[in-house]
1. Taking the residues in region 636-664 that are of a type in the set (S, T, Y) and either assigned by TED's automatic domain parsing to the domain that holds E219 or out of contact with any Leu (no Cβ under 7 Å at 6 or more places or on another chain) (or both) as candidates, determine which candidate is nearest to S39 (Cα to Cα).
2. What helices (runs of 4 or more DSSP H) completely inside region 276-379 contain at least 3 residues that are at pLDDT 95 or above and out of contact with any Asp or Glu (no Cβ under 9 Å at 6 or more places or on another chain)?
3. Can you confirm whether region 533-542 contains a residue that is among the charged types (D, E, K, R), farther than 21 Å from S436 by Cα and out of contact with any strand residue (DSSP E or B) (no Cβ under 6 Å at 6 or more places or on another chain)?
4. With R488, R504, R481 as the choices, which residue is surrounded by 22 or more Cβ atoms within 10 Å (Cβ to Cβ) and either assigned to a strand (DSSP E or B) or charged (D, E, K, R) (or both)?
5. Has region 246-268 got at least one residue that is in a loop (DSSP other than H, G, I, E, B), in the same structural domain as G208 (by TED's automatic domain parsing) and touching a Lys or Arg at 6+ places or on another chain (Cβ under 6 Å)?
6. Do the conditions hold for V240, that is, is it surrounded by 18 or more Cβ atoms within 10 Å (Cβ to Cβ), touching a strand residue (DSSP E or B) at 6+ places or on another chain (Cβ under 6 Å) and part of a loop (DSSP other than H, G, I, E, B)?
7. Kindly indicate whether L277 is over 16 Å from L195 (Cβ atoms) and either free of Cβ contacts under 8 Å to residues at least 60 places away in the same chain or out of contact with any Lys or Arg (no Cβ under 7 Å at 6 or more places or on another chain) (or both).
8. Only one of these is farther than 18 Å from H395 by Cα and modelled with pLDDT of 95 or more: L482, L568. Name it.
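The values are calculated or read from the model by the stated rules, or taken from the named source; none is laboratory data. Here the structure is a predicted model, which means the values were calculated and not measured. Cβ coordinates were reconstructed from backbone atoms using ideal geometry, including for glycine residues, and neighbour counts include every protein chain displayed.
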Amino acid sequence: MTETVRKISFTEEDAHRPEELLRREWLVTNGLGGFASSSVAGVATRRYHGMLISALPTPLGRSIMLNHLVEWVRLADGQHFLIGGQERASGTLELPGAVHLVEFRLEEGLPVWRYELSGSVLEKRILMPHMQNSVYVNYRLVEGEQSVRLKLRPSVQFRPLEGAVNKPIKKPYSVTSIEDRLEVSSGRPFPPLRLKIYGHRATFTLDGGKLNDVFYRLEAERGYDHTGELWSPGYFSVDVTRKTTATLVASTESWEIVTALSPEEAFEAESERRRRLISCAPEKAREGVAAELVLAADQFVIKPAGRREDEARARAAGEEVRSVIAGYHWFTDWGRDTMISLEGLSLTTGRQREADWVLSTFAHYVHDGLIPNMFPEGENEGLYHTADATLWYFHAIDRYMSYSNDRASLELFLPKLLDIAEHHMNGTRFGIGVDSSDGLLRQGAANYQLTWMDAKCDGWVVTPRRGKAVEINALWYNALRLLEKWVREIKGEAEARPFVEHARRAYESFNKRFWYEAGGYLYDVVDTEEGGDDSSCRPNQLFSISLPNAVLEPERWKSVLQVAHDKLLTPVGLRSLAPDDPEFKPTYHGDLRTRDAAYHQGTVWAWLIGPFIDAWLKVYPEDRAGARRFLEGFHAHLNEACVGSISEVFDAVPPFTPRGCIAQAWSIAEVLRCWVETSKEPD
């Protein structure tokens, strides 16, 4: 197995273009939903940036505990270098480290910075031990002088992940020192931040104080509060030599956990865990881009830190609780995203057992025939305002069964699935229910956005899509066919017969109602809230082909696919609306209302490349090489935005600038799944 490395080199010319470093970001996660992330430049440009975002028990949720680290290097001849600074609201951007940063790379998915400092070369590495709210920042002298002196100043403002940066620090933090251990505390509700430095001649100087007018440039661009203050307890000093490294550890865990592993042991344990992830993946995913995506996928499969009841139930059944973070930095676990992502994140990567745990976790939350749309930060109960997440649950179980043939789990899931079907046939929350006149599934309730096109701002539902949406009915038909098969296998033919009839009726009505003859594609919604049918050309119609049980008549597949290819396809996914539509928005930027207006009105979504390629291979089953070409744009993107990951969305026109979350679960999942699929020989 070859080493998995992604390398970006910087020249002196790049140093004079700070956007190169400020627009690129890095991400390290801990398997609990916690993470560390910032710009490659070392400047926090988002309110979500921090060296330690801990996943804390309910009701705290994810909280920023170590916001920033300023780093100075002093050589033996007295030269000083600032390699990690911070932007100020005055407009002064302290970015001298850019001159000295010659390389940023990912080694097995973990970030490494390489600085050239007047003949000396210093490397910095960051990791988070798996299932710990801890971060290790390691420094190593790899060339040049025998010794350099580091000065590291941590800065904090304990706050929730979504907390505004402009709230003043009202009460002082306290600092406690015991031998070589330091604790910074603000009192309840946050735990203390524990800090420990490893290295030669390590000291701590207490000179605490506030840093005012810290500027977060991306928050300013996004229309949020963007200027605030941080507080520092002081600074650490430590020597780094060719033989001895230095490591700063920050954690909200107990001291017993913090000191259980030396820095060397922590780095080796995490490196070994990552090597195992790749070795467990299919052969086609063990090197190159696919191996990188396997490591990126690992960032999203989590054990929810706060939901202790889930953990108790799972352990009582001899299992573990697992869920999926929809995207970093701000999303929690979402039902829709989890079910769409499940195959790519856990099945394509050889993590079948965790897929079962995810499905079991969500099975507990089925209420009124629905699974949760999302779990809000710091809460135990889910929100159920979704019409499609529950139908994607059927698809996820089907994909799990195709990999595992786990009949025992299927028998446990089946009563829940039958309950879901009954609620959908009789009608459930949010106007979700089968129309008895045609067997199609309708949905819609005032002030709710129930499909995946769910933008809403200040009460404005941008794309309500109330009525009978095309992908909802494609998913409903797929679910009926799956139930027919599973009930026949477990309960017998007589029990399966009603689902045969429901599926037949839905199929006939779908093909009669959704075909838009004038355009050669499918209506997006029929029987809309306003009356009539919506002929907006959107990617949702592809699910009528791409799902295992396709609801669209095969003779219409090629026409629909061609329209999607010509109007919606880009190098990094599919547009959410055709460019010739009067509502089309070419870019996704600006304040929240402006962004929401564009979110599903043209903006490109990376995950939609999955159903497009599935549909392509149904129409052209021998053309795996052609299907692979649709993924080529993502190769270059791995050097953009979050290095080594795939963004949530992109502008709808060249140069297809990445936007939204810097790392999105279903983007990674679908690209990885299709990468592996297009590596196979045709069946």
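1. Start the filter on region 636-664 by keeping residues that are of a type in the set (S, T, Y), which leaves 645, 647, 657.
Cutting the leftovers down to either assigned by TED's automatic domain parsing to the domain that holds E219 or out of contact with any Leu (no Cβ under 7 Å at 6 or more places or on another chain) (or both) gives us 647, 657.
Details: S647: 15, T657: 17 Å.
By that ranking, first place goes to S647.
2. 288-298, 335-342
3. So in region 533-542, the residues among the charged types (D, E, K, R) come out as 533-534, 538.
Then keep just the ones that are farther than 21 Å from S436 by Cα; that gives 534, 538.
Subset that is out of contact with any strand residue (DSSP E or B) (no Cβ under 6 Å at 6 or more places or on another chain): 538.
Yes, region 533-542 contains a residue that is among the charged types (D, E, K, R), farther than 21 Å from S436 by Cα and out of contact with any strand residue (DSSP E or B) (no Cβ under 6 Å at 6 or more places or on another chain).
4. On the way: R488 fails: surrounded by 22 or more Cβ atoms within 10 Å (Cβ to Cβ); R504 fails: surrounded by 22 or more Cβ atoms within 10 Å (Cβ to Cβ).
Among R488, R504, R481, only R481 is surrounded by 22 or more Cβ atoms within 10 Å (Cβ to Cβ) and either assigned to a strand (DSSP E or B) or charged (D, E, K, R) (or both).
5. Among the residues of region 246-268, not one is in a loop (DSSP other than H, G, I, E, B), in the same structural domain as G208 (by TED's automatic domain parsing) and touching a Lys or Arg at 6+ places or on another chain (Cβ under 6 Å), which makes the answer no.
6. No, not satisfied.
7. Values: over 16 Å from L195 (Cβ atoms): yes; either free of Cβ contacts under 8 Å to residues at least 60 places away in the same chain or out of contact with any Lys or Arg (no Cβ under 7 Å at 6 or more places or on another chain) (or both): yes.
It is true that L277 is over 16 Å from L195 (Cβ atoms) and either free of Cβ contacts under 8 Å to residues at least 60 places away in the same chain or out of contact with any Lys or Arg (no Cβ under 7 Å at 6 or more places or on another chain) (or both).
8. L568
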